[in-house]
Amino acid sequence: MFGVVTRNREECTWPEFDLAFYESKDVSGRSTEPVPEAVTMISCFGDNAAAESSPELVPRNREGELATRERPYFDWAYICPTHEGYREGLLEMVGEATDVTENVRLDDVGFPRREYCFCERCTRLFEESEFEDRLAWRASVITEFVADAAERIPGKTYLTLYPDPYPGHLYERAGLDIEAIEPHVDEFVIPLYDMAYTTTYWLETIASGFESLLDTPFSVELYAVDVEIDNLIHAAEVADAYGEDVFFGYDAANAQAALRRMRADTREGKSYGPDST
């Protein structure tokens, strides 16, 4: 199955796509009403607008540095997963989305990096908890959020994972305890983004790693913006060998062209006999 990830409602119903994810809330903080034609996609703890207007929401490391776009490695600003008011707002958003569509994808779930968060609230909550290890406490915070969100989703719960299948990395980086959250997730989505896909051995390596890591089904999301169609097709074929499905991100027209080409080639078929030319 091939699908699209989009911010444009009309693209959700293009016939080439078997499934669509519609970004109801993205990392900019922009939010729109869910649409019944697609899986609602919600950026949970990535939110530039909230971070800019309310810096007290932003995770900080031991030195007090905020997890915003001004810091190295961050493409967007993060919100601390322990902020009760923000968490409740996200859960309300999930519940409201299911009034429109029963399936929801949780995106940008987790702490920003291992060195976060050391805000006063996180420090207090960790000290008051039953945990002696801070990483274990962080994982419990994220598992609880995923479980609470999944309870509100009557259909499929999708969860995006950072593309690092190396054992322990997701746990240490984001607080994602795969074994603990798998019972709450129906399907993971792994974004394997590249600007060109001129080589795909790394795509196969990462997808294979997740095949070994996960018991739960997973799908692969590819970046489709300005990627040459032949390269995008080859990447899709590799991803399709590992994932349940393949989704194309943020350029529905290019993805549409790639799928038309793929399906045309399939219909035409190929001959490899001694008389073929």
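The values are calculated or read from the model by the stated rules, or taken from the named source; none is laboratory data. The shown structure was predicted, so the numbers you read here are calculated from the model rather than taken from an experiment. Counting neighbours? That spans all protein chains shown, and the Cβs are built from the backbone with ideal geometry, glycine included.
Observations
- Some residue of the range 45-53 being surrounded by 14 or more Cβ atoms within 10 Å (Cβ to Cβ) and touching a residue at least 40 places away in the same chain (Cβ under 8 Å): yes
- For the range 240-267, the set of residues classified as closer than 22 Å to residue 38 by Cα and in a helix (DSSP H, G or I) consists of 240, 252, 253, 254, 255, 256, 257, 258, 259, 260, listed by residue number.
- Given (1) closer than 20 Å to residue 192 by Cβ; (2) touching a residue at least 24 places away in the same chain (Cβ under 8 Å), index of the condition residue 20 fails: (2)
- Scanning the range 225-238 for residues being part of a helix (DSSP H, G or I) and either within 13 Å of residue 201 (Cβ to Cβ) or more than 20 Å from the chain's Cα centre (by Cα) (or both) gives a total of 8.
- Breaking point among (1) assigned to a loop (DSSP other than H, G, I, E, B); (2) more than 16 Å from residue 142 (Cα to Cα), for residue 41: (1)
- Residue 162 buried (at least 18 other Cβ atoms within 10 Å of the Cβ) and outside any strand (DSSP E or B): no
- Close pairs (8 angstrom Cβ cut-off, 6 or more residues apart or separate chains): at positive phi in the range 223-239, in a helix (DSSP H, G or I) and at pLDDT 95 or above anywhere: 226/254
- Test: residue in the range 62-77 that is in contact with a strand residue (DSSP E or B) (Cβ under 8 Å, 6 or more places away or on another chain), under 23 Å from residue 112 (Cβ atoms), surrounded by fewer than 18 Cβ atoms within 10 Å (Cβ to Cβ) and free of Cβ contacts under 8 Å to residues at least 12 places away in the same chain: no
- Here residue 153 passes the criteria (1) under 20 Å from residue 102 (Cβ atoms); (2) not in a loop (DSSP other than H, G, I, E, B) except the one numbered (2).
- Here residue 181 qualifies as aliphatic (A, V, I, L, M), in a helix (DSSP H, G or I) and farther than 17 Å from residue 122 by Cα.
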